[in-house]
Amino acid sequence: MEVIIDNRQEIIEYDSNIEKLIVDAVFLALEKEGVSNEVEVSVSFVDNEEIHKLNKEYRGVDRPTDVLSFPQYENAGDIEKFSSLGDIVISLEKAKEQAKEYEHSFEREVLFLTVHSMFHLFGYDHDTEENTKKMRQKEEEVLNKMGILRK
């Protein structure tokens, strides 16, 4: 498994330990889904301005968001055929805002967004109450395994 982390923003400083935790989160999410760890995942850190542009261009939503997922396949059943699972783009600016809003650590927020995005890459969505429940349960199982508990 290769996790490529690319910091494309200069607003939010972060501890380099967060990169190791992101790699761990990606590995545990792959393990949870039984997906081969012979894949590559790209994680890019951006600011609100860049994620706003991406959100508008790719989703038609004219505002910043916290995380975007870009799978490298058309059908979730084809995951094993690709060496690159996909790309995760996280606004560290938005993560910092949300950590404060939800009263937990910046680290927990970034890891939640990483795991959340991984399950989007696996084909999960939160478009219905049932799908949201399924996705949240998987996210929490991975975070709990890492000792990143909700307060």
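Every number here is computed from the coordinates shown, using simple stated rules; none is lab data. Keep in mind it's a predicted model, so treat the numbers as computed, not measured. Every residue, glycine as well, gets a Cβ built from its backbone with ideal geometry; the counts of neighbours run over all protein chains shown.
Over all Cα pairs of the chain, how is the pair count split among 10 Å bins, expressed in % and running from 0 up to the last occupied bin?
All Cα pairs, binned at 10 Å, distribute as 11, 42, 38, 8, 0 percent.
Work out how much length ASN37 to GLU49 would gain on full extension: take 0.36 nm times their residue separation and subtract the Cα-Cα distance, in nm to one decimal. Provide the component values of the computation, followed by the final result.
Numbers: separation 12, 0.36 × 12 = 4.32 nm, distance 3.25 nm.
Extra length available between ASN37 and GLU49 comes to 1.1 nm.
Going down the table (LYS100/LYS134; LYS20/LYS94; LYS20/LYS56; LYS32/LYS53; LYS20/LYS134; LYS32/LYS134), which pairs top 24 Å between alpha carbons?
On the way: LYS100/LYS134 26 Å; LYS20/LYS94 21 Å; LYS20/LYS56 30 Å; LYS32/LYS53 32 Å; LYS20/LYS134 27 Å; LYS32/LYS134 13 Å.
Listed pairs above 24 Å: LYS100/LYS134; LYS20/LYS56; LYS32/LYS53; LYS20/LYS134.
Under a 5 Å amide H to amide H cut-off, with H placed in plane at 1.01 Å, what residues pair with VAL3 once short-range neighbours are removed?
It is VAL41, by chain and number.
Full-extension gain between GLU10 and THR132, please, as 0.36 nm times their residue separation minus the C-alpha to C-alpha distance.
Working: separation 122, 0.36 × 122 = 43.92 nm, distance 3.29 nm.
Length difference between fully extended and current span is 40.6 nm.
Counting only helical runs of four or more DSSP H residues, what would the 222 nm mean residue ellipticity of the chain come to if each run contributes -39,500 (n - 2.57) and the total is spread over all its residues? Write out the running numbers ahead of the final one.
Values: 5 runs with 73 residues, N = 151.
Value at 222 nm, helices only: -15500 deg cm²/dmol.
Taking neighbour Cβ counts within 10 Å as the exposure measure, how do LYS96, LYS20 sort from fewest upward? Each step should come with its number before you reach the end.
Values: LYS96 17, LYS20 12.
Listing LYS96, LYS20 from fewest to most nearby Cβ atoms yields LYS20, LYS96.
Please enumerate, by chain and number, the aspartates and glutamates with C-alpha under 18 Å from the C-alpha of LYS138, excluding those fewer than 8 residues away in the same chain.
Of all the aspartates and glutamates, those that pass the test against LYS138 - Cα under 18 Å, at least 8 places apart if same chain - are ASP24, GLU31, GLU33, GLU109, ASP125, ASP127, GLU129, GLU130.
Stretched out fully, how many nm does the piece from LYS145 to GLU57 gain, at 0.36 nm a residue minus the Cα gap?
28.1 nm
Can you give the FRET efficiency for PHE70 and MET1, using 1/(1 + (r/R0)^6), R0 = 22 Å, r = Cβ-Cβ distance, to the nearest 0.05?
The formula returns an efficiency of 0.75 here.
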